[in-house]
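Reviewing the structure listed below.
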Amino acid sequence: MTISVVIPCFNEEDSIPFFYSEMERIQIEMKKKFEYIFINDGSTDNTLSVLRRLNASNPNVHYLSFSRNFGKEAALYAGLQRATGDYVTVMDADLQDPPELLIEMYAKIQEGYDVVGTRRADRKGEPPIRSFFAKAFYWLINKISDTEMVDGARDFRLMTRQVVDAILELKEVNRFSKGLFSWVGFDVAYVSYENCERVAGETSWSFWKLLNYSLDGFINFSEVPLKLATWAGTFSFLISLVGIFFVVIRKLTIGGSVAGWASLVSIILFIGGIQLLALGIIGNYISKIFLETKKRPVYIVKEKG
């Protein structure tokens, strides 16, 4: 029985040796065969050199090196495609996903679950502003989407072969794995753990990258923003009718007045702002459609081992 371990990497030359050493220890403890699949997502440091050395020393270590940085979503997809194990787990190389949890996750999946995911018990050590927006994202996405997403859930999960095959059936280019993992369904259990610090290096996820990632989640898994644009347009139209009615009645009763220019400008700016907001929302959806219709590959492999 083999467990495939998919590890997306971006500038993780310092973390990988610690990660690999810890995983080898867990492999001995679990008495299972691990198939390592590292995805070098266009790293600019010596990550690829480290992966080459591991590949040369262990036939169970494989790697794919992208031609450039395609993003974590592309790396996850590539790793799942390459995985051949009976079970597949997705992990980060920085040890923020504790390898020892695999023992508990494997025991849990033997109870009949199809997926055993992990979730952080708290957000200790995370900047308050990031925690606030993360909680707001999960609250809002679960209000406007039919696909439930668990607050604090990580990509770190152990899946059966059937679940992985189902995820690979989803061919979209604009991928949001947290949503895709939930969308396919199956029986899921979660294991909670305390937040861990990176063992080495620095995270590549800035606040703005996380914000853009969350916006992808809204667009990929909810049509509510489009409906909001429609409602906003309807509301502005009704307000415009009221404004026109007011201007006409005023003209017929007390006459016109130059003094009304302020209210006129306010109405124009109000309506214009709503129109631009609606166009921006619609534009985001159209851009996703545009990228999907191009049929470009999700990633390009430059080297593999």
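Of the numbered conditions (1) in contact (Cβ under 8 Å) with a residue 60 or more places away in the chain; (2) touching a strand residue (DSSP E or B) at 6+ places or on another chain (Cβ under 9 Å); (3) among the polar types (S, T, N, Q), N11 fails exactly one; give the number of that condition.
Evaluating N11 over (1) in contact (Cβ under 8 Å) with a residue 60 or more places away in the chain; (2) touching a strand residue (DSSP E or B) at 6+ places or on another chain (Cβ under 9 Å); (3) among the polar types (S, T, N, Q) leaves (2) as the failure.
If you take the residues in region 38-49 that are among the polar types (S, T, N, Q) and surrounded by 16 or more Cβ atoms within 10 Å (Cβ to Cβ), which one is nearest to F66 (Cα to Cα)? Working first, answer last.
So in region 38-49, the residues among the polar types (S, T, N, Q) come out as 40, 43-44, 46-47, 49.
Next cut, surrounded by 16 or more Cβ atoms within 10 Å (Cβ to Cβ) only: 40, 43, 47.
Values: N40: 6, S43: 9, T47: 12 Å.
Filtering first and then ranking leaves N40.
Within region 15-37, is even one residue within 24 Å of the chain's Cα centre (by Cα), exposed (fewer than 15 other Cβ atoms within 10 Å of the Cβ) and free of Cβ contacts under 8 Å to residues at least 60 places away in the same chain? Give the derivation first.
Keep residues of region 15-37 that are within 24 Å of the chain's Cα centre (by Cα), which gives 15-16, 19, 36-37.
From what is left, the residues that are exposed (fewer than 15 other Cβ atoms within 10 Å of the Cβ) are none.
No, because not a single residue in region 15-37 is within 24 Å of the chain's Cα centre (by Cα), exposed (fewer than 15 other Cβ atoms within 10 Å of the Cβ) and free of Cβ contacts under 8 Å to residues at least 60 places away in the same chain.
Suppose we filter L54, L64 for residues that are among the hydrophobic types (A, V, I, L, M, F, W, C), touching a residue at least 24 places away in the same chain (Cβ under 8 Å) and over 30 Å from G185 (Cα atoms); which single one remains?
Numbers: L64 fails: over 30 Å from G185 (Cα atoms).
The unique qualifying residue is L54.
Which numbered condition in (1) out of contact with any strand residue (DSSP E or B) (no Cβ under 7 Å at 6 or more places or on another chain); (2) among the hydrophobic types (A, V, I, L, M, F, W, C); (3) within 20 Å of L180 (Cα to Cα) is the only one that I109 fails?
Exception for I109: condition (1).
Since every read-out is calculated from the coordinates, none of them should be taken as a lab result. Note that the coordinates shown come from a computational prediction; the quantities given were computed from them, not determined experimentally. Cβ coordinates were reconstructed from backbone atoms using ideal geometry, including for glycine residues, and neighbour counts include every protein chain displayed.
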